[in-house]
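Take a look at the structure below.
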Amino acid sequence: MNLVSKIFKECIEKIERESLLNKDTDKWRLKFHIMPPIGWLNDPNGLSYFKGKYNIFFQYSPFDINGGLKFWGHYRSSNLIDYEYIGVSIYPDEKYDCHGVYSGSAFIEDDKLYIYYTGNVKLLGEHDYIDSGREANTMLTISEDGLNFSEKECLMEMKDYPKNVTNHIRDPKVWKENDKYYMVQGARIYGINRNENKDNDIGEVLIFSSKDKINWEHISTIHTKDAFGYMWECPDLFNLNGQNILITCPQGVKQIEGIYENIYLSGYFMINDDYKNNDCEVNNFQILDRGFDFYAPQTFLDEYNNRVLIGWMGVPDTEEYHKNLTVQYGWQHCLTIARELTFKNGKIYQIPHRSLNNLRIKKIEKDYNSKNLSDNIIDSDIGAYDIIIDIKDNNNFKFIISEGLCARYDNNTFILEFTDTIGKKIGGGRDKRKAYLENLYNIRVLIDTSSVEIFINDGEMVFTTRYYPDDYSFKISGNLSLTIYELKSFNIKYNNTNIYD
């Protein structure tokens with residue numbers, strides 16, 4: 001650890017300790033989601049199961065609640081419910097990453113954890129940081145224990161990328177096939193009529209190959225026939241149940257009600273087997289999560305060799321219409337729960353990771369068959385619930401998650417909506433998200449103190465949102481069977497202190 005890292009470490013640990021002293025006054029502190037001790041959290045990074053431990057790194061700005069200089073915070077776990085908060089593991093402490101340790105991935109080989117990430121540098125002067133003024137460096141650091149990391153190595157600089165790439169190229173994800181290594185990076189390609197509008201740039205994903213994990217060459221590009229946004233962030237390429245999948249986050253796609261509703265999207269393309277040898281044209285982008293708060297997902301293989309996804313429960317550049325009410329407690333954002341993925345019926349299905357079942361502490365079972373809303377269906381106010389709803393007749397399904405937040409099914413459309421004055425308050429300014437759904441037969445709702453994740457039809461569709469309720473009085477209508485589990489908190493220790501108690 002160099003002198004810059006030591007100074008950062010001392011300062012960050014001090015403000016984290018002070019923040020945790022005040023945690024008992026924070027009514028929206030989450031119970032079973034990863035959140036920052038203080039400041040800002042965004043993308044999950046370096047997700048991996050290495051030597052019996054899950055590593056959950058995340059973009060972290062401890063000094064600025066609205067983002068800023070990025071570090072990698074680090075949680076470790078043996079089972080995805082009991083955690084140790086390690087603190088900051090990777091610092092912006094060298095000339096190649098001095099303005100931020102940006103997103104990246106983990107690759108495991110020969111009992112070593114290889115961390116690839118983008119080192120961000122912003123030069124002084126009159127720059128737009130799209131065409132000039134930004135350096136996006138592909139960086140590598142290696143660990144043999146998941147805790148201590150080698151000196152960093154810069155593998156690629158701007159001069160090493162294709163000439164049609166702007167200064168926006170980032171987020172390396174690495175894997176191995178046969179005797180070769182592959183890497184994807186998201187890129188912003190120079191578009192046409194740029195003097196009129198630089199949003200005419202084109203989003204693509206670049207594929208690189210290597211024989212030694214160090215020296216990389218660009219071999220192909222994944223793109224759409226027509227421009228689909230100006231930048232594709234956070235790419236992740238893998239095979240799921242025999243289908244090649246590219247997850248990415250396009251920026252600059254026109255918002256369309258019921259289809260592309262968020263300002264920036266998170267979803268996936270299905271790709272052919274020849275993408276490593278030739279440029280690959282893709283289409284039929286599918287959304288991964290249709291809620292208000294989901295972005296920058298990353299996948300990895302768990303101890304059972306299942307493909308697991310964790311996303312950021314947030315979306316960038318939404319300050320104009322969303323006010324995250326946790327800022328009054330000194331922090332913003334969290335990660336989603338871990339989700340197991342399968343591919344069937346031409347789409348990705350997501351379900352809560354099996355580890356979450358170990359949080360259940362109390363079970364309530366009820367049946368309903370009424371067009372009228374029930375009375376409050378719970379008798380506690382712990383703020384953490386796993387609710388399973390089997391729907392016998394979907395013609396009149398409505399679920400009041402909390403006063404002001406409603407999930408309902410109407411005319412083959414699933415709707416998540418913040419309603420009336422209370423809804424505008426607890427939603428932080430959001431209103432409605434919806435999507436066409438041919439049939440509705442079950443729902444699983446995971447509710448934390450300030451988050452909701454709704455898994456529909458065994459994970460065929462997902463809606464995720466943050467919310468900020470004053471109570472947890474659930475009401476429901478329809479012909480259905482209902483199972484409610486109260487959930488205990490994650491056990492997360494930091495310097496031998498449980499920081500979630």
*Since D431 meets every condition but one in (1) in contact with a helix residue (DSSP H, G or I) (Cβ under 9 Å, 6 or more places away or on another chain); (2) surrounded by 17 or more Cβ atoms within 10 Å (Cβ to Cβ); (3) within 19 Å of N262 (Cα to Cα); (4) not β-branched (V, I, T), which condition does it not meet?*
(2)
_Please go through the range 106-125 and give me each residue that is under 25 Å from M158 (Cα atoms) and out of contact with any Leu (no Cβ under 6 Å at 6 or more places or on another chain), ordered by number._
F107, Y114, I115, Y117, T118, G119, N120, V121, K122, L123, L124, G125
*With respect to F300, determine if the residue is in contact (Cβ under 8 Å) with a residue 12 or more places away in the chain and farther than 28 Å from G423 by Cα.*
yes
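Just to be sure, is I142 within 30 Å of S77 (Cα to Cα) and either β-branched (V, I, T) or more than 26 Å from the chain's Cα centre (by Cα) (or both)? Before you say what the answer is, go through the steps one by one.
Details: within 30 Å of S77 (Cα to Cα): yes; either β-branched (V, I, T) or more than 26 Å from the chain's Cα centre (by Cα) (or both): yes.
So I142 fits the description; yes.
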*Out of all the residues in the range 40-64, which are in contact with a Phe, Trp or Tyr (Cβ under 6 Å, 6 or more places away or on another chain) and of a type outside the set (D, E, K, R)?*
L41, N42, P44, N45, G46, L47, S48, I56, F57, Y60, S61
*Name, by its number, the condition in (1) without any contact (Cβ under 8 Å) to a residue 24 or more places away in the chain; (2) buried (at least 18 other Cβ atoms within 10 Å of the Cβ); (3) more than 23 Å from the chain's Cα centre (by Cα) that does not hold for I415.*
(3)
*asked:* Which condition from (1) modelled with pLDDT of 95 or more; (2) assigned to a strand (DSSP E or B); (3) open to solvent by 20 Å² or more (accessible area, probe 1.4 Å) is the one that K362 breaks?
replied: (1)
*Any chance you could count how many residues in the range 269-281 are farther than 29 Å from K432 by Cβ and crowded, with 20+ Cβ neighbours inside 10 Å?*
2
*Out of all the residues in the range 451-501, which are surrounded by fewer than 16 Cβ atoms within 10 Å (Cβ to Cβ), β-branched (V, I, T) and over 21 Å from I364 (Cβ atoms)?*
T497
*If you take the residues of the range 365-399 that are at pLDDT 95 or above, among the aliphatic types (A, V, I, L, M) and open to solvent by 10 Å² or more (accessible area, probe 1.4 Å), which of them is nearest to F490 (Cα to Cα)?*
I388
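Is the range 145-154 home to any residue that is within 22 Å of G252 (Cα to Cα) and of a type outside the set (D, E)? Reasoning before the result, please.
We begin by selecting, within the range 145-154, every residue within 22 Å of G252 (Cα to Cα); these are none.
No - not one qualifying residue is present in the range 145-154.
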_Checking E233 against (1) in a loop (DSSP other than H, G, I, E, B); (2) farther than 30 Å from S78 by Cβ; (3) within 16 Å of the chain's Cα centre (by Cα); (4) among the charged types (D, E, K, R), only one condition comes out false. Which one?_
(1)
*Quickly run through the range 323-350 and pick out the residues that are under 20 Å from L30 (Cβ atoms) and not in a loop (DSSP other than H, G, I, E, B).*
L325, T326, V327, Q328, Y329, W331, Q332, L335, R339, Q350
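One line per residue, one yes/no per condition, for (1) of a type in the set (G, A, S); (2) open to solvent by less than 10 Å² (accessible area, probe 1.4 Å); (3) in contact (Cβ under 8 Å) with a residue 24 or more places away in the chain:
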residue	(1), (2), (3)
E18	no, no, no
K27	no, no, yes
L30	no, yes, yes
M35	no, yes, yes
W40	no, no, yes
S48	yes, yes, yes
N55	no, yes, yes
N66	no, no, yes
W72	no, yes, yes
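Only one residue in E453, E417 is in contact with a Cys (Cβ under 6 Å, 6 or more places away or on another chain) and assigned to a strand (DSSP E or B). Which one? Steps first, answer last, please.
Working: E453 fails: in contact with a Cys (Cβ under 6 Å, 6 or more places away or on another chain).
After ruling out the rest, the residue left standing is E417.
Looking at Y441, is it within 24 Å of T342 (Cβ to Cβ) and either open to solvent by 10 Å² or more (accessible area, probe 1.4 Å) or not hydroxyl-bearing (S, T, Y) (or both)?
Working: within 24 Å of T342 (Cβ to Cβ): yes; either open to solvent by 10 Å² or more (accessible area, probe 1.4 Å) or not hydroxyl-bearing (S, T, Y) (or both): yes.
Considered against the rule, which asks whether it is within 24 Å of T342 (Cβ to Cβ) and either open to solvent by 10 Å² or more (accessible area, probe 1.4 Å) or not hydroxyl-bearing (S, T, Y) (or both), Y441 comes out as yes.
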_Neighbours by Cβ (under 7 Å, 6+ apart or cross-chain): first from the range 424-435, under 13 Å from C406 (Cβ atoms) and part of a strand (DSSP E or B); second of a type in the set (F, W, Y) and open to solvent by less than 40 Å² (accessible area, probe 1.4 Å)_ = R433/F292; R433/F463; K434/F414
*Taking into account only those residues within the range 389-405 that are touching a Ser or Thr at 6+ places or on another chain (Cβ under 7 Å) and among the acidic types (D, E), which is farthest from N376 (Cα to Cα)?*
D390
*Filter pass, K51 being over 18 Å from the mean Cα position of the chain (by Cα), closer than 30 Å to N305 by Cα and charged (D, E, K, R)*: yes
*asked:* I'd like to check something: does the range 122-136 contain any residue that is touching a Gly at 6+ places or on another chain (Cβ under 8 Å) and in contact (Cβ under 8 Å) with a residue 40 or more places away in the chain?
replied: no
*Pick from the range 287-322, criterion charged (D, E, K, R) and in a loop (DSSP other than H, G, I, E, B), ranking: most open to solvent (accessible area, probe 1.4 Å)*: E320
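The values are calculated or read from the model by the stated rules, or taken from the named source; none is laboratory data. Note that the structure is predicted; figures quoted are calculated from it, not measured. Quick reminder, even Gly has a Cβ in these numbers, built from the backbone with ideal geometry, and neighbours come from all protein chains shown. In case anyone asks, the SASA skips ligands and DNA or RNA and just uses the protein heavy atoms, side chains included. Shrake-Rupley method; radii C 1.70, N 1.55, O 1.52, S 1.80 Å.
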